[in-house]
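Structure, as structure tokens:
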Amino acid sequence: MNRESKPGTASQAETGEPLATHVARFAAGTRYRDLPSGTTAIAKKHILDTLAVGLAGVPSEGSVLVRRYLEDLGCGGEATVFGTALRTLPRFAALANASAMHADDYDDTYHPTRFHPSAPVLAAVCAEAEVAGASGEDVLAAFAVGTEVSLKLSHTIDKQHYLRGFHMTSTCGVFGATAGVCNLRRLPAETTTRALGIAGSESAGVRENFGTMVKPLHSGRAAENAVFAAALAGIGFTSSPTILEGARGWCMTGAGGYDATQLVGKLGNPWDYVARRVAIKPYPCGNLQQPAMDALRDLVLQHDLQPGALERLAVKSHRLMPLNLTYHRPRTGLEGKFSMEFSLASILVLRRAGLAEYSDEVVNRPDIQEVIGKTDYTTFSDEEAEAKGYTLWTTFLDLRMKDGRTYSARAEVAKGSATMPMTDAEVARKFRECAAFAGWPGDRTEMIIERVLKLETVRDIRDVTRLLGKES
């Protein structure tokens, strides 16, 4: 029995149509009026968060280089590259904005399948919406559709996809962003199916590039390719309708299997943003170390722990965690984002780990490196985790001080997670912090927050995007 027809899946024969057509009918047929109120409320919060980290990502070196590339192309256009005076074609604005949104690894995260759903979708949708003068309701619907498609596809493809090294922010994100753009453009299901087929051949990104400028570029390319795929399909370009489940399609080549029951009849039923919750990050780094960072911060503040008094810091987590947190002796800010040792050192030494801390200068501070050198990082096995009920995020901290005192903590979740979600007010505070980091004017910041949290009342999305760009 081959993997695509393994028990528990739904084949094309059973559903009566290719999977891409099923997705396309959902994308083409969903409008703002179809969204539950809970979905729209959460969508607005995640849009605000993603715009926040997009502004914060503008000064990053990778974002600067992407913009330099676009400026050298000399392509004029009407789509805003957020945080700048640059205006360009929608596909290139999507590239720059989604790259910036993921530049600091501060964008929202879907823990069940470990990817970032919002940035590729929002960047692609906003670029198209700005040129079209679409309403806030249209943007909300397109964003909700796009992220829902990405989320469901991340469960549809076999887990081997992630284990083989693919970065699902881009490989799933390009499909979601394409569905969102097609929804915004009111493309019919037939055209949307073709766009998804085109997107399937643009699905790319591997985790070997984590800790480099390429990781955020994955998000940017997913957004750009979505705009490109929808545009080509809109003028008649063809593709395979079995791009998802075909023997040489996305699921089989990328993972060797899939479970269509995770997709068929499940789009918007329920909406995963509400049912499973996408986490909003309190720190600009990989999500896996964030529960431990929260736990250590609580210990540091409660007991006034000083880094000079530390003798050893023992950290123990699930064996899968270091597969992402690969930098045990980081030397750059980008490497620090994927380092348990640095993230904890920043909390202990500086009592914070924000945008300014994940820099080459801070990573290489002698006091930071001293704490990193005193950190022992070990893991527990799958068998131990199952026997004791540990999760992927379960982390144990044991601190031994020079005077003999000891402190311990068990971390499971961080602020912003499904069980500890951020409020609108907390996301608004994060927006202000990100905007200030980017040097964005305070009056504009407050107007953006107000308009995004009432996005359904915005008649023309350009009333928001013009606040995100500088005057030429």
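Less than 5 angstrom separates the built amide H of Y258 from those of D158, all sequence-distant by 5 or more or on a different chain. If the limit is 20 Å between Cα atoms, which of K152/K430; K159/K281; K44/K470; K316/K388; K215/K337 go over it? Where the Cα-Cα span goes over 20 Å, the pairs concerned are K152/K430; K159/K281; K44/K470. Among the trypsin sites (Lys or Arg not before Pro) in the range 216-277, those located in a DSSP loop and surrounded by at most 15 other Cβ atoms within 10 Å of their own Cβ are R248.
Using 0.36 nm per residue and subtracting the Cα-Cα separation, the extra length available between T378 and T406 on full extension is 8.2 nm.
Between the amide H of D460 and those of G136, distances stay under 5 Å, these residues lying 5 or more places away or on another chain, with hydrogens modeled in the peptide plane.
Each label was represented as a point 7 Å from its Cα along the Cα-to-Cβ direction; for T332 and N269 these points are 4.7 nm apart.
The phi torsions of the range 173-181, fed into the Karplus equation with coefficients 6.51, -1.76 and 1.60 and a -60° offset, translate into couplings of x, 5, 5, x, 5, 5, 4, x, 5 Hz, rounded to whole numbers, with Gly and Pro shown as x. Note that the range 89-203, at 25 °C in a medium of 0.890 mPa s, gets a Stokes-Einstein diffusion coefficient of 174 µm²/s from its Kirkwood radius over C-alpha pairs. Per residue, the convex hull spanned by the Cα atoms of the range 1-159 measures out at 148 cubic angstrom. Cross-link partners for K374 among the aspartates and glutamates, with Cα-Cα distance under 13 Å and sequence neighbours closer than 8 places in the same chain left out: E311, E341, D398. Binning all Cα-Cα separations of the range 21-61 at 5 Å, short to long from zero, yields these whole-percent fractions: 6, 18, 15, 16, 17, 13, 9, 6, 1. Based on protein heavy atoms only, the chain ends up with 38 Å² per residue of surface accessible to a 1.4 Å probe. Rounded to the nearest 10 degrees, the inclination of helix 424-437 to the longest alpha-carbon principal axis of the chain is 80 degrees. Computed from the Cα positions only, the extents of the chain along the three principal axes stand at 72, 61, 41 Å, in decreasing order. Working note: Karplus 6.51/-1.76/1.60 with θ = phi - 60° gives the range 266-279 the couplings 10, 5, x, 9, x, 6, 5, 4, 8, 5, 10, 6, 9, 7 Hz, where Gly and Pro are set to x. Dividing the helix sum by the residues of the chain, where each DSSP H run of 4 or more adds -39500 (n - 2.57), gives a mean residue ellipticity at 222 nm of -15000 deg cm²/dmol. Using only side-chain charges placed at the Cβ, +1 for Lys and Arg and -1 for Asp and Glu, the dipole size of the range 340-414 relative to its Cα centre rounds to 420 debye.
Please report the antiparallel percentage of DSSP beta bridges with both residues in the chain, rounded to the nearest 5. Could the numbers behind the result be given before it?
Working: 19 of 25 bridges.
Antiparallel bridges: around 75 percent, rounded to the nearest 5.
Taken one residue at a time, the phi angles of the range 43-52 give Karplus couplings (6.51, -1.76, 1.60, θ = phi - 60°) of 4, 4, 5, 6, 5, 4, 5, 6, 5, 4 Hz. Gly and Pro are set to x. For H111, the residues 5 or more places off, or on other chains, whose built amide H falls under 5 Å of its own are A279. Each 5 Å bin from zero up to the one holding the largest Cα-Cα distance in the range 163-210 carries the following percent of pairs: 5, 24, 26, 17, 13, 8, 6, 1. If you sort the three axes of the alpha carbon gyration tensor as a ≥ b ≥ c, you get a/c under 1.5 for the range 180-279, which makes it rounded.
For the chain, the residue among G246, G62, L184 whose Cα projects farthest onto the positive side of the dipole built from Cβ charges is G246. What you get for the chain, charging only the Cβ of Lys and Arg (+1) and of Asp and Glu (-1), is a dipole of about 140 debye around the Cα centre. Here's the picture: charge each Lys and Arg Cβ at +1 and each Asp and Glu Cβ at -1 in the range 383-472, and of G404, L468, L392 the one pushed furthest to the positive end of that dipole is L468.
The values are calculated or read from the model by the stated rules, or taken from the named source; none is laboratory data. None of the values given here were measured: they were computed from a predicted structure. Note: ideal-geometry Cβ built from the backbone for every residue, glycine included; neighbour counts use all protein chains shown. Side chains included, ligands, DNA and RNA excluded: accessible areas come from the protein's heavy atoms. Shrake-Rupley method; radii C 1.70, N 1.55, O 1.52, S 1.80 Å.
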